[in-house]
Structures are given as C-alpha cells and as structure tokens.
Amino acid sequence: MNDRIFLSSPHMSDEGFEMEYIKEAFDTNWIAPLGKNVDEFEKELALKVGSKAAAALTTGTGAIHLALKAADVNDGDIVFCPTLTFSATANPIIYQNAIPVFIDSDYETWNMCPKALEEAFEKYPEVKAVIVVHLYGLSADMDKIVELCRKYNVTLIEDAAESLGTYYKGKHTGSFGDYGIFSFNGNKIITTSGGGMLVSNNEERIAKARFWATQSRDQARHYQHSELGYNYRMSNVVAGIGRGQLKMLDERVAKKNYIFNFYKRELSHLEGIDFMPSNEWNKPNYWLSSMTLYGRVRPIEVMEALEKENIEARPVWKPMHMQPFFEKYDFVGTDVSEKLFENGVCLPSDTKITDEQLGRVVKIIRGLWE
Ligand SMILES: *Cc1c(COP(=O)(O)O)cnc(C)c1O
C-alpha cells in the first residue's frame, strides 16, 4: 500500500525554525507561563495580517468565544453566522447563551451571501454581532458585508481560521472586521499543534481578552476576581512552533496554489466538474482545493475511489441549519449551501504532496469518467 495522502497535515520547516524557538524556550526555562515566544508571535502575526494587536490563545474556537465577549454578546442576543462552516464557528455563540441565525452562501464566493444577510438584518434589526467565515481560504464579499454591518451598526467578527494568507482586494482577511480570529489547529495552513489568535485594531479590547484568557485575575497580590475567567492563553512552547511556522506561510500558500492549479488544469475538462470560484478581488490561500460535481459522477464515488488507494478526500462542510444540534435555530436563504454540501468534494491539498502523488489522484478521478 502507498503512503497515505492527506487532505492537509502538519508540515514543519526543513530548516528547523520551530525547534530553534522551542529550544530557546527550554534553554531559558520559559516553558510557561507566557514568555517571549508568545509576545513575539502576537506581534509577528499582527504585522502579517495588518492588525494593531493580537492575543495568542489555546484555540481558534476560544478566540471566537472571546471575540463574542468583547462584542458584548450575552444571554438572548442574536448573532448571524454562516450556515456553511465548521461547527467551531457556531458553538461559541451557544457558550454565550446567545442565539445563532444561520445565513446561506452564494455561488460567487461559497461564503455568506450579502443578499441573505440583508434579509436577515430586516428580519432581526436587533442583532448584536455578525460572524463571517472565509471558507477553504476563499474570501467572502467583504465590501458588501462591511457596508451592511456599518449601516446597521453591528460588530463584525471574521472567522479567518482557514484563510491565513488570503487577501481581499489587497487587504488580509481577518483585518476587515472589528475582530478577526485565526486557528493553528493541526490541519490548518500553518499549525502550532493547536492554537488560535484573536486580532483587532482595538488594543484595549485585546488587552481585555488577554485578561479574560488568564482567569480574569485583577491587579492584586492575592487572587482577586471581579469577572468570570477562562484559561485560554497559548503556552510559550506552542508559540515557538507558531513563530517558526509563520516564516513558512508564503511558501505554503504558493504550494497550495500550485496544487489547486494542478487539479484545475488536469480535471476541469471532465463533464460536471466545477472548481471553487475565483474572481478578480480574491487572492485565496487555497487551503483545501475543492470542487463541485453536478454530473453523472457523484462525490461519494470520488471519495471512495480515492480511499481505496489510501488517499483522503472529504465532503464540503455540512450546513449548520441541517445539523441535529442547530436545526432548531432560524435560517435565512435558499438551497445554495445545501447544494454545495451535496455536490462538493475537498481534494487532498497537503503541502508535502509530490507531483507523482498529484498525478495518481488525478488518474484515479479521471478513471471514473471512462
Ligand atoms: C478550524 C476552524 C475553527 C476552529 O479552530 P480551532 O483552533 O480548531 O479551535 C473555526 N472555524 C473554522 C471555519 C475552522 O475551520
């Protein structure tokens, strides 16, 4: 059996940058708490994405949670959330006892449909915050979404967990909203084994998020708490991995682009295949190369044929409004996200993939059309 080809797996630098930063943490015994790697990783990531401040956290999910807290989302508040996403976008809304309203995608971006968002604003003018996601590294239509959020004076949170390295009209995703979040989970474009980042131009709110993330300890010699706290801060060892990985980001984006273009070149001619959308303002990181199949060959056949050869492929996210846990909440839109789920496939997009392996994937897929 050939070695498994992954959808997206951790890829440490050949140069060993990550180990150098980890070693520094060990040599100075700054294993915990916090330390230089955390401070520097925050600065370096903020600089990369063009935000004034950043807080390094244990997960991207935790970053969304603190963004909602920073936006003052509480009991009974309504939060708009894309339906086509990973559950980690929606779960923190429930942590805050708030109410999600799920918004459909459009075919132009696969992300939050501005028309459906506008409809939702008309239906729920009292909404407290909007979370927008940049799925698979494709940016949402930010001009329209930002304009709508301004018009209704609502806090915008960008879940950029999948879009580190993605730009919209030359500006980095995650830097449009009042808050942006990134994830360094194992399958993301860069990883710290697990971790997240909250970014904002509001330095005071980021300082507050750091305070919540360290158990809300007031300035006092004794342990004094006047607010609910969380244990969400990234460790100095983990941040060292992040600093090394961040050096590799541009190279990883280039490889993801190469993978996407390879598939597009070799498979586009097949009947029924459409690749994830591109448009002039979107510069995606192509985290996962994805396509839809509306013809004779179905996604399940592609996934099964690849799995037989030890190659990982996955369906597109199952929409939140179709999930048993979330189906009781309102949904605004039509059937776009449902169609993307039923017809979508994510192809192996591991940055360690070789041309020989890409060739094998392509050959197996083409075989289904013969
Ligand atoms: C991975 C991911 C998250 C969560 O990040 P974690 O670091 O795993 O908590 C949130 N939203 C989206 C869209 C993701 O893909």
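Here the dipole of region 249-367 is about 200 debye; that uses its Cα centre as origin and unit charges on the Cβ of Lys and Arg (positive) and Asp and Glu (negative). When both region 8-77 and region 217-263 are represented by their alpha-carbon centers, they are found 2 Å apart.
The simple spin-label model puts a point 7 Å past each Cα toward its Cβ; for Asn2 and Lys151 those points are separated by 5.0 nm. Counting only DSSP beta bridges with both residues in the chain, the antiparallel share comes to about 55 percent. Here the dipole of the chain is about 540 debye; that uses its Cα centre as origin and unit charges on the Cβ of Lys and Arg (positive) and Asp and Glu (negative). Any chance you could list P(r) for region 249-367, counting all Cα-Cα pairs in 10 angstrom bins from zero, rounded to whole %? In whole percents, the pair-distance histogram is 12, 41, 32, 13, 1. Within the listed set Leu270, Leu135, Leu45, the Gaussian network model of the chain (springs between alpha-carbon atoms below 10 Å) gives the highest mean-square fluctuation for Leu270. Restricting the trypsin sites (Lys or Arg not before Pro) of region 39-89 to loop positions (DSSP other than H, G, I, E, B) with no more than 16 neighbouring Cβ atoms within 10 Å leaves Lys52.
Working from label points 7 Å from Cα in the Cα-to-Cβ sense, the Arg217 to Arg298 distance is 5.7 nm.
Dividing the Cα radius of gyration of the chain by 2.2 N^0.38 Å, with N the residue count, gives 1.00.
Projecting the Cα atoms of Tyr294, Val336, Gly229 onto the charge dipole of the chain (Cβ charges, centred on the Cα centre) puts Gly229 farthest toward the positive pole. Taking Asn236, Asn29, Asn201 in turn, the Gaussian network model of the chain (Cα-Cα springs below 10 Å) assigns the largest fluctuation to Asn29. Computed from label points 7 Å out along Cα-Cβ, the spacing between Lys352 and Lys115 is 4.4 nm. Reachable aspartates and glutamates from Lys208, Cα under 16 Å, same-chain residues fewer than 8 places away excluded? Candidates past the 8-residue exclusion: Asp39, Glu42, Asp72, Asp178, Asp218, Glu227.
Loop only per DSSP, at most 14 neighbouring Cβ atoms within 10 Å: give me the GluC sites (Glu not before Pro) in region 269-333, ordered by residue number. Sites meeting the loop and neighbour criteria: Glu271, Glu280, Glu309, Glu327.
Here the Gaussian network model covers the chain, with springs between Cα atoms less than 10 Å apart; of Ala207, Ala116, Ala313, Ala207 fluctuates the most. Given q = 0.11, 0.19, 0.20 Å⁻¹, what are the Debye log10 I(q)/I(0) values for region 301-364, with equal point scatterers placed on the Cα positions and solvent ignored? Debye intensities relative to I(0), on a log10 scale: -0.38, -0.77, -0.81. Placing unit charges on each Cβ (+1 for Lys and Arg, -1 for Asp and Glu) gives region 107-169 a dipole about its Cα centre, and among Trp110, Val133, Leu148 the Cα reaching farthest toward its positive end belongs to Leu148.
Projecting the Cα atoms of Ala120, Thr85, Leu68 onto the charge dipole of the chain (Cβ charges, centred on the Cα centre) puts Leu68 farthest toward the positive pole.
Select from region 257-353 those chymotrypsin sites (Phe, Trp or Tyr not before Pro) which occupy a DSSP coil region and have at most 15 other Cβ atoms within 10 Å, ordered by residue number. Filter output for region 257-353: Trp281, Tyr294, Phe325. Global size of region 269-339: 15.0, 41 Å for Rg and Dmax (C-alpha atoms, Rg to one decimal, Dmax whole).
Coordinate-derived values only; no laboratory data. Owing to the predicted nature of the structure, the values given are computational and were not obtained by experimental measurement. So basically every Cβ, Gly included, is an ideal-geometry build from the backbone, and we count neighbours across all protein chains shown.
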